[in-house]
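Worksheet: one structure, shown below.
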């Protein structure tokens with residue numbers, strides 16, 4: 001398998017629990033995110049994310065894990081509100097609302113039940129690590145690379161819902177026993193067909209975890225520029241990576257490596 005050098009370096013970095021920088025694409029958000037496996041997050045790392053990157057600290061997870069944990073997209077929750085709150089259906093993003101993609105990937109915002117306020121670096125680190133453990137727990141019976149099997153129409157969580165079938169669940173773990181909502185950590189649910197369907201930071205970071213043979217639960221956070229008020233440019237992000245000896249990966253390289261490694 002021919003993996004781009006930058007992706008191979010990124011794989012080795014996250015396997016060691018090191019931060020990597022991931023740029024999506026010029027024709028998308030055009031943003032770079034800090035990326036790290038959820039299982040390696042510490043309070044010090046949460047502080048580093050919020051002070052050095054400055055964006056929203058989220059956890060991107062594989063769609064099969066989200067299905068087994070009972071974590072739909074927030075847009076799906078709102079579209080299915082009962083009549084008491086039917087007006088909330090109007091606020092859901094629609095076609096054309098997002099200039100960079102068809103939809104966002106937000107699921108629930110949660111706190112671990114052992115946190116206090118949930119917002120401190122210590123509390124968020126605990127919540128993030130426990131999300132990573134929950135993902136690993138519900139996927140422990142399936143080889144990571146086989147999770148790209150959502151290419152098979154019948155196994156996609158979305159098509160199971162459309163057929164009226166219950167979510168896949170091969171363990172007795174219940175997410176609500178450890179987590180509560182609302183909370184301070186945003187969970188992002190990757191698209192059912194991963195990079196064949198969507199190529200956002202959510203799907204790219206999950207694909208990177210799978211290439212590395214790690215549980216597909218990744219902390220991501222946008223790099224923002226306090227001077228311009230916008231996102232850090234690609235050139236600035238590459239300079240930051242070089243200065244701090246961090247791997248810098250481009251989305252198109254991950255797509256190439258993932259499709260080569262996970263081709264049916």
Would you confirm whether or not the range 36-58 contains a residue that is touching a strand residue (DSSP E or B) at 6+ places or on another chain (Cβ under 6 Å), over 22 Å from residue 128 (Cβ atoms) and buried (at least 18 other Cβ atoms within 10 Å of the Cβ)?
no
Tell me which of these residue 105 doesn't satisfy, since it passes every other one: (1) in contact with a strand residue (DSSP E or B) (Cβ under 7 Å, 6 or more places away or on another chain); (2) under 28 Å from residue 196 (Cα atoms); (3) at pLDDT 95 or above.
(3)
When (1) modelled with pLDDT under 95; (2) surrounded by fewer than 23 Cβ atoms within 10 Å (Cβ to Cβ) are applied to residue 258, the one that fails is (2)
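Okay, residues lined up against (1) touching a helix residue (DSSP H, G or I) at 6+ places or on another chain (Cβ under 9 Å); (2) modelled with pLDDT under 90; (3) within 30 Å of residue 222 (Cβ to Cβ):
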site: 120; (1), (2), (3): yes, no, yes
site: 130; (1), (2), (3): yes, no, yes
site: 141; (1), (2), (3): no, yes, no
site: 159; (1), (2), (3): yes, yes, no
site: 176; (1), (2), (3): no, no, yes
site: 185; (1), (2), (3): yes, no, yes
site: 194; (1), (2), (3): yes, no, yes
Spans of strands (runs of 3 or more DSSP E) in the range 1-87 with at least 2 residues under 19 Å from residue 243 (Cα atoms), touching a residue at least 24 places away in the same chain (Cβ under 8 Å) and in contact with a helix residue (DSSP H, G or I) (Cβ under 6 Å, 6 or more places away or on another chain)
20-23, 32-37
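The values are calculated or read from the model by the stated rules, or taken from the named source; none is laboratory data. Predicted model, so just to flag it, every value in this text is computed and none were measured. Glycine also receives a Cβ, built like all others from the backbone with ideal geometry; neighbour counts cover every protein chain displayed.
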